[in-house]
Structures are given as structure tokens and as C-alpha cells.
Amino acid sequence: MLSIERDDLTSESTRALLALHLRGMHENSPPGAVFALDLSGLTSPDVTLWTARKNGETLGMVALRDLRDETGELKSMRTSPQALRQGIAAALLDHVIAE
């Protein structure tokens with residue numbers, strides 16, 4: 001069963017997914033055009049990170065930065081390669097919208 005919860009970025013599987021995300025952003029974006037948050041950015045007080053997990057393994061993540069004007073900015077959304085096309089991203093977006 002898929003569970004979505006706030007994450008503090010201490011688990012190995014979440015950090016591995018973040019590393020994959022950052023690597024992909026740097027490989028596929030023009031120099032100077034990568035705005036993905038790293039570990040320090042994602043642990044900022046104005047950012048909330050949620051992960052989708054199944055059997056303890058992180059399958060996806062999404063972060064929301066609070067822009068302090070009743071709006072937010074989605075950050076660092078990624079689904080692990082083995083979980084693509086399984087509805088993980090849609091479940092994460094639905095969760096963020098409900099929050």
C-alpha cells in the first residue's frame with residue numbers, strides 16, 4: 001500500500017532519490033538554469049517535503065515552498081525510475097493540493 005507522509009530527508013532511499021533528481025536536473029538543463037533545491041534547500045523552514053513510500057522504499061517525492069502570500073511553489077518533484085507510470089506523481093500532487 002502506498003503511503004504519503006512528510007519527510008525529514010534522513011532516510012537513505014529518500015536521499016538516493018534526491019541525488020538522482022539533482023543529477024538529472026544538471027544533466028538535462030542548460031548551465032545556470034537549474035533551480036532544483038538540494039538537501040540544504042529542502043530542509044529550509046519554508047519548504048515541506050512529502051514522500052510516497054511502499055514497503056519502506058521511497059518511490060516519489062515532492063516539495064512545496066511557502067511563498068508567504070497564500071501561494072506556494074512546487075519543488076523537486078521526482079518519481080523513481082522503477083515506479084514510473086504507477087500513479088505516484090498524481091498521488092503526490094493530489095496530496096499537496098489537499099494540504
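The values are calculated or read from the model by the stated rules, or taken from the named source; none is laboratory data. Keep in mind that what you see is a predicted model, and the values were worked out from it rather than measured. No Cβ is skipped: glycine too gets one built from the backbone with ideal geometry, and neighbour counts run over all protein chains shown. Remember, those area values only see protein heavy atoms, side chains included, never the ligands or the DNA or RNA. Shrake-Rupley method; radii C 1.70, N 1.55, O 1.52, S 1.80 Å.
Among the residues making up region 38-58, those that are under 20 Å from Gln82 (Cα atoms) and open to solvent by 20 Å² or more (accessible area, probe 1.4 Å) are Arg53, Lys54, Asn55, Gly56, Glu57. Select from region 1-29 the residues that are out of contact with any Phe, Trp or Tyr (no Cβ under 7 Å at 6 or more places or on another chain) and of a type in the set (Asp, Glu) and write down the one among them that is farthest from Lys75 (Cα to Cα). Going through the qualifying residues, I end up with Glu12.
Within region 68-87, the residues that satisfy the criterion of being under 20 Å from Ser40 (Cα atoms), without any contact (Cβ under 8 Å) to a residue 40 or more places away in the chain and either open to solvent by 80 Å² or more (accessible area, probe 1.4 Å) or touching a His at 6+ places or on another chain (Cβ under 9 Å) (or both) are Arg68, Leu74, Met77. The residues of region 26-58 that are under 13 Å from the mean Cα position of the chain (by Cα) and more than 19 Å from Ile97 (Cα to Cα), listed by number, are Ala36, Leu37, Asp38, Leu39, Gly41, Thr43, Thr58. Applying the criterion of being touching a strand residue (DSSP E or B) at 6+ places or on another chain (Cβ under 7 Å), outside any helix (DSSP H, G or I) and under 19 Å from Ser40 (Cβ atoms) to the residues of region 4-29, the residue that is most open to solvent (accessible area, probe 1.4 Å) is Arg6. When the residues of region 88-98 are filtered to those that are free of Cβ contacts under 8 Å to residues at least 40 places away in the same chain and within 15 Å of the chain's Cα centre (by Cα), the one that is most open to solvent (accessible area, probe 1.4 Å) is Ile97.
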